[in-house]
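Colleague: Take this structure, written in structure tokens, and hold onto it; I'll ask about it next.
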Amino acid sequence: MIRLAGQEDMEQILEIYSAAREYMVRSGNPTQWAGGYPARELLEEDIRRGQLYVDQGEEGIHGVFVFFIGEDPCYRVIQGGAWLKEGPYGVIHRVAGDGKARGVFQRCMEFCKGRWGNLRIDTHGDNHTMQHLIQKHGFQKCGIVYMEDGTPRIAYQYLAP
């Protein structure tokens, strides 16, 4: 079940992001979420904005992600390509699973695709797992965008048929 995250979920959410950071390091992507990203304060702001979601099973929370409909300032400029379509879009960020339950990314995608037909997502060039999952779920590579700290990310877009 996908639901909005609440403050009472914070400890489990932080554990999931910790597990995701450890997985990234083991899989050759040590810099994407280095330094404890995402910070508790950022996650608390996501909860206040109503844009942090959890994937909850019978045994507890197994995944977490940000989803909102609106503009992401980092997506204003894209290099080495172009967005497939302009206009209002949904943004997916910070998808993470605890590594214990399968299908977290798929459930996240089904949730987001069920709410908006024009979606954008990005990932680090070293995050081969996420690149594979994104493309497997119908997203097309569009170019390179830059995060607020200046680091590049591969940008993808999904358009509902």
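Colleague: Starting from the stretch 6-109, pick out the GluC sites (Glu not before Pro) whose DSSP state is loop and whose Cβ has at most 16 other Cβ atoms within 10 Å.
Modeller: Glu58, Glu59, Glu71, Glu86
Colleague: What do you reckon, how do Tyr75, Tyr37, Tyr53 stack up by accessible area (1.4 Å probe), largest on top?
Modeller: Largest to smallest exposure gives the sequence Tyr37, Tyr53, Tyr75.
Colleague: Pull up the cross-link candidates among the aspartates and glutamates for Lys85, meaning alpha carbon to alpha carbon under 19 Å and not fewer than 8 places away within one chain.
Modeller: Within the straight-line limit of under 19 Å, Lys85 reaches these aspartates and glutamates: Glu71, Asp72, Asp122.
Colleague: Computing the accessible area with a 1.4 Å probe over protein heavy atoms, can you report the carbon and sulfur percentage for the chain?
Modeller: Carbon and sulfur together cover 51 percent of it.
Colleague: If I model a spin label as a point 7 Å beyond the Cα along the Cα-Cβ vector, how far apart are those points for Lys85 and Leu42 in nm?
Modeller: Taking the two extended label points, one gets 2.9 nm.
Colleague: How much area per residue is accessible in the chain when the probe is 1.4 Å and only protein heavy atoms are counted (Å²)?
Modeller: About 52 Å² of surface per residue is accessible.
Colleague: Would you mind checking which residues have amide H under 5 Å from Ile69's amide H? H placed 1.01 Å from N; only 5 or more apart, or other chain.
Modeller: Val91
Colleague: Here's a follow-up. Magnitude of the Cβ-charge dipole of the chain, K/R +1 and D/E -1, about the Cα centre, nearest 20 debye?
Modeller: 680
The values are calculated or read from the model by the stated rules, or taken from the named source; none is laboratory data. Computed from a predicted model, the values in this text were never measured in an experiment. When we count neighbours, we look across all protein chains shown, and the Cβ atoms used for this are built from the backbone with ideal geometry, even at glycine. Surface accessibility is based on the protein's heavy atoms, side chains included, excluding ligands, DNA and RNA. Shrake-Rupley method; radii C 1.70, N 1.55, O 1.52, S 1.80 Å.
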